[in-house]
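Heads up: the structure comes next, in C-alpha cells.
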Amino acid sequence: MMTKKYRKKPVVIEAVKWTGDNDQKVAQIDEGIGALNLPLGLDRPLTIFTLEGEMRVDEGDYIIKGVRTELYPCKPDIFEETYEEVSE
C-alpha cells in the first residue's frame, strides 16, 4: 500500500522572540496559561512547561503559542523556515 502525502494547514500563531531581557513581552504570551518559568537571576534559564515536559528556552529562540494555547520553544532557523509574519 502506498503512503499518502499531506500538507500542513495554514495556521496563524502568536510568537515572541526571547532576548533575555524582554520578560514583560514574554509574560504577555503566557497570560492565563502559566506555562513559563521566568528566570530570577542570570544563572537560571527560561523554561516552559510544554505538553512534552519542561523545555529550556535559549536566547534567540521563539516562544510559540499553539492552536490549543499551549506554549513551546522553537529555534530561530526552524521558525524562519516555517513561519512568516502576517499583517493584522
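Quick note: the coordinates plus some simple rules give every number you see, no bench work behind them. Predicted model, so just to flag it, every value in this text is computed and none were measured. Cβ atoms come from the backbone with ideal geometry, glycine included; neighbour counts cover every protein chain shown.
Rounded to whole numbers, the Karplus 3J(HN,Hα) couplings from phi for the range 62-74 are 9, 10, 10, 9, x, 5, 10, 6, 7, 10, 7, x, 9 Hz, using 6.51 cos²θ - 1.76 cosθ + 1.60 with θ = phi - 60°, and x at Gly and Pro. Would you calculate the separation in nanometres between label points at PHE49 and VAL86, each defined as 7 Å from the Cα along the Cα-to-beta-carbon direction? It works out to 2.9 nm between the two label points. Pairs of Cα atoms nearer than 8 Å and 6+ residues apart set the relative contact order; for the chain it is 26 percent. Close amide-amide hydrogen proximity is noted between TYR72 and ILE64, GLY66, each under 5 Å apart and 5 or more residues distant or on a separate chain (H modeled in the peptide plane; Pro and chain starts excluded). Stokes-Einstein diffusion of the chain at 4 °C, 1.567 mPa s viscosity, Kirkwood radius from Cα pairs, rounded to a whole number: 91 µm²/s. Between THR69 and ALA27, the FRET efficiency estimated from the beta carbon spacing at R0 = 22 angstrom works out to 0.90. Assuming charge only on the beta carbon of Lys and Arg (+1) and of Asp and Glu (-1), the dipole of the chain about its Cα centre is about 660 debye to the nearest 20.
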